[in-house]
Amino acid sequence: MGGCLSDVRGGQQAVGGTKTGPTSSTATTTNDAIDYFYTSHGCQGLFTHLQLSLSAKQLIDMDLFSKSDPMAIVYAKRSDGMLEEIGRTEVIMNSLDPVWITKVSTVYQFEIVQPLVFRVYDIDTKYHKMPIKTLKLDEQDFLGEATCALSEIVTKQNKSLTLKLTVRNRQGVMRNQGMLTVFAEETITSRQAVEMVFRCSKLDNKDLFSKSDAFLRISRIAEGVNIAISKTEVVDNNLNPTWRPVCLTSQQFGSKASSDTPLVIECFDFNSSGNHEQIGKVQKSVDELEKLHVGKVGENLHIQSSRKGNIKKLKGQLFVDKFIQKTQYSFLDYISSGFELNFMVAVDFTASNGDPHSPTSLHYIDPSGRLNAYQQAIYEVGEVIQFYDSDKRFPAWGFGGRPANDVVSHCFNLNGSRGDPEVEGVNGIMTAYSSALRNFSLHGPTLFGNVINRAAQIAGESLRNQTKYFVLLIITDGVVTDLQETIDSLVRASDLPLSILIIGVGGDDFKDMEILDADNGNRLQSSTGQLATRDIVQFVPMREVQGNQLSVVQSLLEELPGQFLTYMRSRDIKPLHINEGKASGMAAAGPHVPNFSTELLHM
């Protein structure tokens, strides 16, 4: 959820305890109300608007006395195999090497594979004066088709991908018809942000037997309405509190200098009932907050007095101890510059899954080819993650199984090797999983600690290579037995480039598992009292997601880019070879296009 936390725990631990709250210098989300609206309607909040630019080379000439007049159409391939048109270019007259001006807009979602289909047509001369949208494609000459996943484009360093255009001839043989180049460009207006450290002094005390427990809520005024955009953590029992850094993007605060969109910074005394009492507030633009920092002066809080319309000036003051302008790089900035997500998987081999030979078992391998819950999770998550891993070699483990004439192992290699746990691709995981079911008997109990520690070891060994981030998928049918040991492992791993995705399969009650997923705003605490530096877990019970007809992968992966960015930004790790102009929202270098656009271009 966003930084405007409405729950009690959220108010206490807004920074670090929430997923991607703006106060933690990691967020690009909006507010809780908007996030809740999207989630309740089955839509995920994390997405990136893109524009696709298209060009082609060496197209086939279909005209007798001139060259082809090509137009390109982009389709999204739905899960049922049907094609949904998302955009058309203009027609380029007499060109076998067209560069189309019209951009095709789409939305990139990390958590799902988005297959795209590109088709190019030669538009007959008699239709040239007709609006592009009304052209009937069955009346045009088909020049070729190309397909790819959207993630294949955005993971390229320059976000550009060249594909072969093909046509199947009457004999069923695919024939090359030229090349199509697709260039993706984010439509975000700016990635500029400011990071501030706020401090208050001499706050009024609102508590009877202790001092106020203060937190700040930051809102933007839009058309006379306060829109909450960020919130700090609570500083307990302190009338002179200093909060952790707050990071606001330009999308959140608007114009830095504009007095038309000022920020309202309200200071509250936290109450567990949720009825937080306002201590005071100030109203300043971002530019004015910078001046407070430069001048090292405070601004007095004020509050509405009991007399209607009167404003009371308070002794308490707000200071800006730190003000830094910075660039908030996006997930795509990192991925397209060479950063990778390295996939790992761990499968539950405990006896509660049922005899693998029985059709009622969660591990039953159906001869008809129908995937069981474990295979489905491996395949669907792996299909997304593999695009972000260059070598596509994945460590794969099992836990809770016992090999013949041996003791139970809580972290064994699915491929049977005593050394290297890696397998080749998603199909390699599927093959190793099936093989392990024949070589290991199901046992127990359900212990996560060993596989988490092994994944953390691999992530820790890669710290010198800052371009690697690791994702461990754990698939289980039951509640973890070593809960405290698992929490301790997660707290230790929270400092590493690692996220852990957990899918619960079967009919067990997974309520206790939600403790591991800090959605309620509480950071995990180890047995020694150490707090997790960030949340690295996302837990999804498969039956609940399927019951709501939502994609398991969407629900599981929606928070992963935010966790990735939290780690990178907290360590000030920047994308490789980043172009600062590009990062600030300026157009990146892509296919050269003329500086004009019409419905039909005579070139």
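What the table below lists for this structure:
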item: Carbon + sulfur, % of accessible area of region 331-571 - ligands and nucleic acids excluded, 1.4 Å; result: 47
item: Accessible area (Å², per residue) of region 368-425, counting only protein heavy atoms and a probe of 1.4 Å; result: 45
item: Relative contact order for region 48-186, counting Cα pairs under 8 Å that sit 6 or more residues apart, in percent; result: 29
item: Per residue accessible area of region 48-186, 1.4 Å probe, in Å²; result: 48
item: With every protein chain in place, region 192-327: carbon and sulfur % of accessible area (1.4 Å); result: 46
item: Descending semi-axes in Å of region 192-327, equivalent ellipsoid built from Cα gyration tensor; result: 24, 17, 14
item: Prolate/oblate/rounded label for region 366-487 (Cα gyration tensor, a/c 1.5); result: oblate
item: Phi-based couplings in Hz for region 356-362 (Karplus 6.51, -1.76, 1.60; Gly and Pro marked x); result: x, 7, 8, x, 7, 6, 5
item: Gyration tensor (alpha-carbon) shape descriptor, region 409-459, a/c threshold 1.5; result: oblate
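The values are calculated or read from the model by the stated rules, or taken from the named source; none is laboratory data. Quick caveat: nothing in here was measured; it's all calculated off a predicted structure. Ligands, DNA and RNA are excluded from the accessible area calculation, which covers all protein heavy atoms including side chains. Shrake-Rupley method; radii C 1.70, N 1.55, O 1.52, S 1.80 Å.
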